1. Inspect all residues belonging to the stretch 80-93 and state whether any of them is in contact (Cβ under 8 Å) with a residue 12 or more places away in the chain, at positive phi and in contact with a helix residue (DSSP H, G or I) (Cβ under 7 Å, 6 or more places away or on another chain).
2. Give the residues of the stretch 1-54 that are in a helix (DSSP H, G or I), of a type in the set (Asp, Glu) and touching a residue at least 24 places away in the same chain (Cβ under 8 Å), sorted by residue number.
3. Tell me the residue from ALA61, ALA11, ALA16 that is crowded, with 17+ Cβ neighbours inside 10 Å, within 22 Å of HIS117 (Cβ to Cβ) and touching a Lys or Arg at 6+ places or on another chain (Cβ under 8 Å), please.
4. Going residue by residue through the stretch 105-115, is there one that turns out to be surrounded by 24 or more Cβ atoms within 10 Å (Cβ to Cβ), in contact (Cβ under 8 Å) with a residue 24 or more places away in the chain and under 28 Å from ASP209 (Cβ atoms)?
5. Which members of the stretch 170-190 meet the condition of being within 20 Å of ALA159 (Cα to Cα) and either in contact with a Cys (Cβ under 9 Å, 6 or more places away or on another chain) or among the polar types (S, T, N, Q) (or both)?
6. Among the helices (runs of 4 or more DSSP H) contained in the stretch 141-236, which hold 1 or more residues that are crowded, with 20+ Cβ neighbours inside 10 Å and aliphatic (A, V, I, L, M)?
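Any read-out appearing in this document is the output of simple, stated calculations on the displayed coordinates, not a laboratory observation. Every value quoted in this text rests on a predicted model; they were computed, and no experiment measured them. Heads up, the Cβs are rebuilt from the backbone with ideal geometry, glycines too, and the neighbour counts pull from every protein chain shown.
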Amino acid sequence: MRFENRTVLVAGGTGALGRAICLSFLEGGARVVAVGRRAPELDALFAAAGPARDRLAFQQADVSDPAQADRAVREAARGGTLAAVVNAAGAWSGGKTLAEEPPDALARMLAANLAPHHVLARAAVPALSSAGGGAIVAVASLAAIGPQPGQASYGAAKAAVLSLLLSLAEEVRALRVRVNVVLPGTMDTEANRNAMPGADRSTWARTEDVASVITFLCSDEGRAVSGAAIPVRGGG
C-alpha cells in the first residue's frame, strides 16, 4: 500500500485516531495534510512523524464550515496529487436516556458528526474527480448499526453519516471516486481510558488497526471496494 507522489487530506488529523491515520499514510510514502481546529495538538503529531514530518502539513480549519472546508481541500489539491480524503472528525455525547437528554442533544450531535461529513464530502468530490479519481473514507461508529441505549442521539447522528456516505458512493461511482465508511467500536485512546477506567480494554479497537483499514481502502489494493461499511472491532 504505497502512496508516493500522492496527497492525502485527513480531517480530524490531530486527534488520537487522526494521528494514527496520518502516521499510517506517511509510512506508505504519502504527503499528508492534517486538518484540525486546534493547532496545539500538532506537537504530538509532528513528534510521532519523525523524519517523515517533511511530508506532513497542517491546515487549521473547521470542516463543518463550507468556506473553510473548500479552502483546506483546495490547498491539499495543489499540484493535482490529491488521492484521498479521510474524515475522522466527530464528537461523542451520552450517559443519559433519550428522555433525560437536553432538548438540543440531537442538534449538537448532528452538528458535530453529520455536518463535517456532509460539508467536506461536497468539497472533496470535485477535487478528486478533476484529479482523475480517488477515495473518500468516513469514520462513523458501530453505534450507527445497532441500538444505543444511553447514547441514542450520538447513534442517530452516526447512522446519518453512514446513510449519507453510502448514497454518495453510488452518486460518484462514474467519476472514479470510491466512498467507504469505517465503523470502529470503542477505541483504545487516552480519552476513553480516562472516561472508562474500569472497562475491559481487551475488547477495544486499536487506533492503528482502524488506520490500517482506512489506508487499505484508499490504496490501489482497495480499488475494487466502494459503498462498503466496515466494522473494526477490538479483541482480536
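1. The initial filter retains those residues of the stretch 80-93 that are in contact (Cβ under 8 Å) with a residue 12 or more places away in the chain, namely 80-93.
Retained after the next criterion (residues that are at positive phi): 80, 90.
When the remaining residues are screened for being in contact with a helix residue (DSSP H, G or I) (Cβ under 7 Å, 6 or more places away or on another chain), the result is 90.
Yes, because at least one residue in the stretch 80-93 is in contact (Cβ under 8 Å) with a residue 12 or more places away in the chain, at positive phi and in contact with a helix residue (DSSP H, G or I) (Cβ under 7 Å, 6 or more places away or on another chain).
2. GLU27, GLU41
3. Among ALA61, ALA11, ALA16, only ALA61 is crowded, with 17+ Cβ neighbours inside 10 Å, within 22 Å of HIS117 (Cβ to Cβ) and touching a Lys or Arg at 6+ places or on another chain (Cβ under 8 Å).
4. yes
5. Of all residues in the stretch 170-190, those within 20 Å of ALA159 (Cα to Cα) come to 170-171, 178-187.
Correct list: ARG178, ASN180, THR186.
6. Numbers: elements: 152-171, 190-195, 207-218.
The helices (runs of 4 or more DSSP H) meeting that bar are 152-171, 207-218.
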